Amino acid sequence: MSNSFPHAMLRGLKPNWDSYGAQPINGYCIDKAFCLWRQLSGDWQVVPCSDGSVQLEWRFSRGHIEV
């Protein structure tokens with residue numbers, strides 16, 4: 001289970017971090033994702049998105065949820 005939010009990793013992503021032209025992760029998106037992540041229960045994974053946003057994912061035996 002992930003028990004810490006990866007602030008430094010997300011803030012450290014530079015333009016083109018995925019080698020396909022990805023945008024740096026927006027600080028506002030990081031802050032909002034962190035607020036939501038703190039309120040959720042379960043093993044939520046934090047995923048940077050190429051448009052500069054942040055996605056939270058929870059995968060379990062019967063499916064998955066993406067926010």
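The values are calculated or read from the model by the stated rules, or taken from the named source; none is laboratory data. Since the structure is predicted, the reported quantities are computational estimates derived from the model, not experimental observations. Cβ placement follows ideal geometry from the backbone for every residue including glycine, while neighbour counts extend to all protein chains displayed. We work out accessible area using only protein heavy atoms, side chains counted, and drop any ligands, DNA or RNA first. Shrake-Rupley method; radii C 1.70, N 1.55, O 1.52, S 1.80 Å.
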Exercise. Could you work out how far helix 27-39 tilts from the main Cα principal axis of the chain, as a 0 to 90 degree angle to the nearest 10?
Key: 10 degrees
Quiz item: In the chain, which trypsin sites (Lys or Arg not before Pro) are in a loop and have at most 15 other Cβ atoms within 10 Å, using DSSP for the loop call?
Solution: Arg62
Quiz item: In debye, nearest 20: dipole of the chain around its Cα centre with unit charges on the Cβ of K, R (+) and D, E (-)?
Solution: 120 debye
Quiz item: How high is the relative contact order of the chain, given as a whole-number percent (alpha carbon pairs under 8 Å, six or more residues apart)?
Solution: 27 percent
Quiz item: How large is the accessible surface per residue of the chain, computed with a 1.4 Å probe and reported in Å² as a whole number?
Solution: 69 Å²
Quiz item: Of (i) 18, 35, 26, 15, 6, 1; (ii) 21, 51, 25, 3; (iii) 23, 65, 12, which is the value of P(r) over Cα pairs in 10 Å bins from 0, in percent derived from the coordinates here?
Solution: (ii)
Quiz item: Round to a whole number: what % of the accessible area of the chain belongs to carbon and sulfur, probe 1.4 Å?
Solution: 52 percent
